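Read the figures in this text as sums done on the coordinates, not as results from a lab. Since this is a predicted model, take the numbers as computed values, not measurements. Cβ placement follows ideal geometry from the backbone for every residue including glycine, while neighbour counts extend to all protein chains displayed.
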């Protein structure tokens, strides 16, 4: 099995289990508030880390390149409440253009 | 009561173009990083959660290990465990039915089915999820097939679109002061660790931020 397949299958299996846990196994039970408060913070923390690593991450170094133009264009699109596809296209265009010049 | 399944379909309709194009973007990126079209489609059909799928591919793209890619995606999806437990009482019917219906829990279907005080209308959630799912999977197939004929994703600026995509997903998660502080801390941890740790590690390390959630 290739690396990509292992990732696809494992992430899929974990996610199916997460989603099913409540309705299938623990009908009616709830997580303690402290734990819920903890889990809620995972997504924003990890997504912010992904923004940073994808924007300026290199091979064990900080790399400032055309990707920053993409993030800036995407940020403007997000601020203007543009749909997700517009955010992606604007960011890709800005990155490609800066790379050309 | 079947009308509330239709209500869910109606509320999510506006988001279907986004699901299709978001799925296509995932397919293209998966193809560019050595994930074949079948694997990408299987991942979309089973995981059905865009952010985690993009996270896993990003870590692989950066040269991270399989374990790091899986860990980043699984940590990101841990929120579904919390959501799943919180809305469990809304699900009824046989165990098998509850299993399949629970798979339609995604950020979008959860958001449109809010019924006040943290409760959801299950029928609205299921209706919304059933509409969104085929668009997400079909988008992935289109992207994965197209991705194989696209020249060079980097020349097309895809590497710059990725952080912007995560930024858009992040903004949707910033619902209060705590989530905003968690985002700033997570981003800072990643930035500091990039020069010193292998690919994927800075993202996984950012999850320690949630320990702060224990202290209220």
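If you scan the stretch B:113-136, which residues turn out to be farther than 20 Å from residue A:18 by Cα and either under 16 Å from the mean Cα position of the chain (by Cα) or free of Cβ contacts under 8 Å to residues at least 60 places away in the same chain (or both)?
Hits for the stretch B:113-136 are B:115, B:116, B:117, B:134, B:135.
Name, by its number, the condition in (1) facing chain A (nearest Cβ under 8 Å); (2) outside any helix (DSSP H, G or I) that does not hold for residue B:64.
Of (1) facing chain A (nearest Cβ under 8 Å); (2) outside any helix (DSSP H, G or I), only one is false for residue B:64: (1).
Working only within the stretch B:20-49, note down all residues that are closer than 16 Å to residue B:168 by Cα and buried (at least 24 other Cβ atoms within 10 Å of the Cβ).
Matches in the stretch B:20-49: B:22, B:23, B:25, B:26, B:49.
Let me spell it out: the conditions are (1) at the interface with chain A (Cβ under 7 Å from one of its Cβ atoms); (2) more than 18 Å from the chain's Cα centre (by Cα); (3) in contact (Cβ under 8 Å) with a residue 12 or more places away in the chain, and residue B:198 meets all of them except one. Which number is the exception?
(1)
For the stretch B:118-139, check the following and say yes or no: at least one residue is part of a helix (DSSP H, G or I), touching a helix residue (DSSP H, G or I) at 6+ places or on another chain (Cβ under 7 Å), under 25 Å from residue A:94 (Cα atoms) and within 11 Å of chain A (Cβ to nearest Cβ).
So far as the stretch B:118-139 goes, yes, one or more of its residues are part of a helix (DSSP H, G or I), touching a helix residue (DSSP H, G or I) at 6+ places or on another chain (Cβ under 7 Å), under 25 Å from residue A:94 (Cα atoms) and within 11 Å of chain A (Cβ to nearest Cβ).
Would you check if residue B:171 is more than 8 Å from chain A (Cβ to nearest Cβ) and under 17 Å from the mean Cα position of the chain (by Cα)?
In short, no.
Does residue B:159 meet the test of being out of contact with any strand residue (DSSP E or B) (no Cβ under 9 Å at 6 or more places or on another chain), under 29 Å from residue A:52 (Cα atoms) and assigned to a loop (DSSP other than H, G, I, E, B)?
No, not satisfied.
Would you check which residues across the stretch B:79-112 are more than 7 Å from chain A (Cβ to nearest Cβ), under 24 Å from residue B:173 (Cα atoms) and without any contact (Cβ under 8 Å) to a residue 12 or more places away in the chain and list them?
Selection gives B:111 alone.
One line per residue, one yes/no per condition, for (1) touching a helix residue (DSSP H, G or I) at 6+ places or on another chain (Cβ under 6 Å); (2) within 7 Å of another protein chain (Cβ to nearest Cβ); (3) closer than 23 Å to residue B:64 by Cα:
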{"position": "A:55", "(1), (2), (3)": "yes, yes, yes"}
{"position": "A:69", "(1), (2), (3)": "yes, yes, no"}
{"position": "A:77", "(1), (2), (3)": "yes, no, no"}
{"position": "A:81", "(1), (2), (3)": "no, no, no"}
{"position": "A:85", "(1), (2), (3)": "yes, yes, no"}
{"position": "A:94", "(1), (2), (3)": "yes, yes, no"}
